[in-house]
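The values are calculated or read from the model by the stated rules, or taken from the named source; none is laboratory data. Quick caveat, the model's predicted, so the values are computed rather than measured. Every residue, glycine among them, receives a Cβ derived from its backbone with ideal geometry; neighbour counts consider all protein chains shown. Note: accessible area is taken over every heavy atom of the protein model, side chains too, but ligands, DNA and RNA are not part of it. Shrake-Rupley method; radii C 1.70, N 1.55, O 1.52, S 1.80 Å.
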Amino acid sequence: MFVGLSGCYISLSPASIAGQGYTGEEIDSGLRMLAILTTCLKHHPVPPMVWSRHGPVPILFDLPFLKLGKFFVSPDYMLSFQPGLMTAALVALLYLWLRKLCSPAMSLLLSLSAAFGTMLWPYAYISLETKQTFFVLLAGYLGIDGMQLRGWRRVLLFAVVCGLAVSVKSTGIVLVPAIAYLLYVQVGDDWRSRLGQLLWIVGIIVFIWGVGAVGRNYYWSPRGGGAQNLRSWLSYSWLQSFSNVIGLFGSPTKGLFVYSPVLLVSFYSVPRALRVQRSIGIYTLLVGGGILALLAPLSTPVDETWGPRYLHTIVPLLLLCAGAAWPKLHWPRDLVVVFLTAVGVAISFLGAFYYYGVQDFAARAAGQNTIEWITADPDWNHIVFDARLLHVWLDKSSGPVLWVPKHTWVWRPPEGTTPDWRAIDLRPYCQPQSFLVRFWNSPKPGVVLVVFRTYLIALIVGAVCLIWTILRTIRESRSAPVGNLAVAVECTGATQ
């Protein structure tokens, strides 16, 4: 599954991710870190470091790709593979965890729903949240459904993963309660006899977070500090916190249920998971609650990216709860899941087909690039806007396509006001970001041909491996038992 998803994700990547999911400072920070390591090894003068807003911890995962880019095509090209591989890894991990909870067929259905019917697909090229989501899911797997942390190797692995979960993003501190709960699940009433292991785990987590915090301070201190920058985004009323929570899930322009419709099943699955697999349910709620505690007080809890990007981390956990609640396929019920997934595939395809920043470019040309317009105006809804671009692209004519994002005054314009609703040409914005699509019928000189063949091979291998995984799962589902937990769930449902 990992190979298949990696190939499918990578084949739809843009040729370069500079400015598309990575900020220039992150790429510069990684390249400068490589330069520093090289000069230290050669005993040359050390150049000054370029710091990233998220600190040095996430940059460490970029270094292998940046190093390979020194020898093959370019650093930013090689770095474009990372989010696809990371997303494939987290979906494969989700599938592995689901296989312990439910039947092979149900595990595959929910995993494919996550892979192509949720925000995970568009973020397989953006790479803003994929590292954090992967380590949060891996920490939960090791802490809840992994083996007991009796050996020191497992203890150290668990500690490092938990430390990375709260450190790969500057906002990771809000996940501390969820990580603390994993420690409670592992240690429980046995904390006195395992006090040494517990202290090592906490110490490693604090150390990794501290390294990230120190690195982030070098970036934020010249800008007045991270807290001061966040303060400017706070809402003036606590009542907005309530509406923000509702909007993060149900907003027609940025709601999680709009960008990942299959997650609507969480209304049923999360309460049921709390009954049949309590640890998974509590961990999901703690992760989601920590993120909501960060976003709710903000005047604008979303930004210009695809959907509510900060909720990316809870997407696989909500589907995990669905697996805990529904361990076996039951088609009259699961037709709803299939339908919602199909709608999500159409929506996520648009997010993967177009770079999210195109919306901002068009809004700037129209003179409407305020955060309120971009995040709340139906005209600038990412899904609707990308669908409009796709329609223009499918129309093979070459002339300009003028569009006016016009608004309605209530009930008439103020006196002396002249509305400036500018017409913009959608033709320059409708070009897909996929390298394969853009260069399918175009000349491919030199390195362009190398890149094109790489993506084409990735697509073929990925599709073959994914089909093989599906066929193998179908064969397993005919003979494999569901498992003790699934049987317990079915028995619980039968007695209710």
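Would you mind stating whether VAL448 is among the β-branched types (Val, Ile, Thr), more than 30 Å from ASP377 (Cβ to Cβ), out of contact with any strand residue (DSSP E or B) (no Cβ under 7 Å at 6 or more places or on another chain) and touching a residue at least 60 places away in the same chain (Cβ under 8 Å)? Walk me through it before giving the result.
Numbers: among the β-branched types (Val, Ile, Thr): yes; more than 30 Å from ASP377 (Cβ to Cβ): yes; out of contact with any strand residue (DSSP E or B) (no Cβ under 7 Å at 6 or more places or on another chain): yes; touching a residue at least 60 places away in the same chain (Cβ under 8 Å): no.
Taking the combined requirement at face value, the residue does not satisfy it.
Scan segment 380-395 residue by residue and report those that are more than 17 Å from ASP303 (Cα to Cα) and touching a Pro at 6+ places or on another chain (Cβ under 8 Å). Let's see the steps before the verdict.
Quick first cut of segment 380-395, residues more than 17 Å from ASP303 (Cα to Cα) only: 387-395.
Residue satisfying the conditions is TRP393 alone.
A search for C-beta distances below 7 Å between a residue of segment 173-199 that is among the β-branched types (Val, Ile, Thr) and any residue that is at pLDDT below 85, counting only pairs 6+ apart in sequence or on different chains, returns VAL187/ARG194. The single condition among (1) open to solvent by less than 30 Å² (accessible area, probe 1.4 Å); (2) in a helix (DSSP H, G or I); (3) touching a residue at least 12 places away in the same chain (Cβ under 8 Å) that GLY210 does not satisfy is (3). Of the helices (runs of 4 or more DSSP H) lying entirely inside segment 361-460, those containing at least 3 residues that are modelled with pLDDT of 85 or more and closer than 30 Å to MET1 by Cα span 382-394, 435-438. Against the numbered list (1) loosely packed, with under 14 Cβ neighbours inside 10 Å; (2) modelled with pLDDT of 70 or more, GLY19 comes up short only at (2). Residue count for segment 407-427 under the criterion of being open to solvent by 70 Å² or more (accessible area, probe 1.4 Å), charged (D, E, K, R) and without any contact (Cβ under 8 Å) to a residue 40 or more places away in the chain: the result is 2. The set of residues from segment 256-278 being modelled with pLDDT under 95 and small (Gly, Ala, Ser) comprises SER266, SER269, ALA273. Inspect all residues belonging to segment 78-85 and state whether any of them is more than 30 Å from LEU63 (Cβ to Cβ), of a type in the set (Ser, Thr, Tyr) and within 15 Å of the chain's Cα centre (by Cα). No, segment 78-85 has no match at all. For segment 333-381, the tally of residues that are open to solvent by 20 Å² or more (accessible area, probe 1.4 Å) and free of Cβ contacts under 8 Å to residues at least 40 places away in the same chain stands at 9. Considering only residues in segment 461-496 that are of a type in the set (Ser, Thr, Tyr) and touching a helix residue (DSSP H, G or I) at 6+ places or on another chain (Cβ under 7 Å), the one that is modelled with the lowest pLDDT turns out to be THR492.
Within segment 147-202, if we keep just the residues that are assigned to a helix (DSSP H, G or I) and of a type in the set (Lys, Arg), the residue that is most open to solvent (accessible area, probe 1.4 Å) turns out to be ARG153.
Counting just the residues of segment 121-146 that are under 25 Å from VAL276 (Cβ atoms) and open to solvent by less than 10 Å² (accessible area, probe 1.4 Å), which one comes out modelled with the lowest pLDDT? Ranking the candidates gives GLY143 first. In the set LEU320, LEU294, only one residue is out of contact with any Lys or Arg (no Cβ under 7 Å at 6 or more places or on another chain), open to solvent by 10 Å² or more (accessible area, probe 1.4 Å) and part of a helix (DSSP H, G or I); that residue is LEU294. Residue pairs whose Cβ atoms lie under 7 Å apart, separated by 6 or more positions or on different chains, with the first residue in segment 229-246 and under 17 Å from ARG53 (Cα atoms) and the second not in a helix (DSSP H, G or I), are TRP233/LEU298; TRP233/SER299; TRP233/THR300.
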